[in-house]
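To keep things clear, I will list the structure first and then write my remarks on it.
The values are calculated or read from the model by the stated rules, or taken from the named source; none is laboratory data. Nothing here was measured: the structure is a model prediction, and the numbers come from that model. No Cβ is skipped: glycine too gets one built from the backbone with ideal geometry, and neighbour counts run over all protein chains shown. The protein model used for the area step is the full one, side chains on, heavy atoms only, and it has no ligands, DNA or RNA in it. Shrake-Rupley method; radii C 1.70, N 1.55, O 1.52, S 1.80 Å.
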Amino acid sequence: MGAANTPLVARNLKKAFGMLEVVSGFDHELAPGIVTGLVGPNGAGKTTIFNMLSGVLAPDSGEVLLEGKVITGKPLFVASRLGLGRSFQEIRLFPSLSCLDNCILYAQSVSSSSLVHTVFLPRSTRRQAASARQRSREALAFVGLESQADVLAGSLSYAEQKLLAIARLMSLGARTLLLDEPASGLDRRGVETLLEVVHRLVDGGRTVLLIEHNLDVVRDSCQVVLFLDRGTILAAGSPDEVFARPELAEVYFSA
């Protein structure tokens, strides 16, 4: 599969902090239209890899391609404009804004936020604003928050805030989503709702890469699992294949 046809490609990514090498060579071509999970013990380099893939952190060496375009070391907003959406372990919502406005902020295009564009192309700006609002409402409906559109994000339950974080990425137009611990802190019902949304994301043609410590969530959501140690893939395959290897379980649970 060529890089241009692959949502996200990582080539030999490396990252060290001082003398500590956290990622020693991460290579992977993300398969389109499925959920891939990154698993491994604490300190395996999972979040560092996410940060390098999304532009939050520049790698010491290696290359990242998004749909065939090199984005290595470019900031997160550049990757976002090209169709990459990334969530964080801590939910970074705007609590004093409504759910709808949280999504609209993500849905606004670059040109519609330009002062020059607003002054000289007002009709186009109005059309884009209407499109952003409609896309945001559709995203809220997708995750089941359509009735909460006018509710302040800060007043949502924790599970609802997790869903709103995904809705914002959908409003952005993300085709590839990096979800960092999406099920953390959720009760059983919250996990079930989240899994339904993730399944519908890929059914709709999106590609998901997630970090998740809840192995039951990994089994229920992922078609491919990458087991990491120091940012290097020790094993790749289906959840059943990877979790059946006793030496990996020893690495995971002994860390």
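For the reader, a short list of remarks on this structure follows.
One line per residue, one yes/no per condition, for (1) touching a Leu at 6+ places or on another chain (Cβ under 9 Å); (2) of a type in the set (Ser, Thr, Tyr); (3) free of Cβ contacts under 8 Å to residues at least 24 places away in the same chain:
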position: 133; (1), (2), (3): yes, no, no
position: 142; (1), (2), (3): yes, no, no
position: 157; (1), (2), (3): no, yes, yes
position: 161; (1), (2), (3): yes, no, no
position: 164; (1), (2), (3): yes, no, no
position: 168; (1), (2), (3): yes, no, no
position: 176; (1), (2), (3): yes, yes, no
position: 191; (1), (2), (3): no, no, no
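- Whichever residue in the stretch 136-150 is in contact with a Cys (Cβ under 9 Å, 6 or more places away or on another chain) and outside any helix (DSSP H, G or I) and, among such residues, is surrounded by the most Cβ atoms within 10 Å (Cβ to Cβ): 145
- Candidate set from the stretch 169-216 (those that are part of a strand (DSSP E or B) and in contact with a Cys (Cβ under 9 Å, 6 or more places away or on another chain)); member that is surrounded by the most Cβ atoms within 10 Å (Cβ to Cβ): 208
- Counting residues in the stretch 25-41 that are open to solvent by 10 Å² or more (accessible area, probe 1.4 Å), assigned to a strand (DSSP E or B) and of a type in the set (A, V, I, L, M, F, W, C) gives zero.
- Check on residue 116, farther than 15 Å from residue 172 by Cβ, at pLDDT 90 or above and not acidic (Asp, Glu): no
- Test for residue 100: is it at pLDDT 95 or above and either open to solvent by less than 40 Å² (accessible area, probe 1.4 Å) or in a helix (DSSP H, G or I) (or both): yes
- Test result for residue 251, of a type in the set (A, V, I, L, M), in contact with an Asp or Glu (Cβ under 7 Å, 6 or more places away or on another chain), over 21 Å from residue 158 (Cβ atoms) and not in a loop (DSSP other than H, G, I, E, B): yes
- Scanning the stretch 42-51 for residues that are surrounded by 23 or more Cβ atoms within 10 Å (Cβ to Cβ) and without any contact (Cβ under 8 Å) to a residue 12 or more places away in the chain gives no hits.
- Residue match in the stretch 174-185 (condition: of a type in the set (Val, Ile, Thr), modelled with pLDDT of 95 or more and touching a strand residue (DSSP E or B) at 6+ places or on another chain (Cβ under 6 Å)): yes
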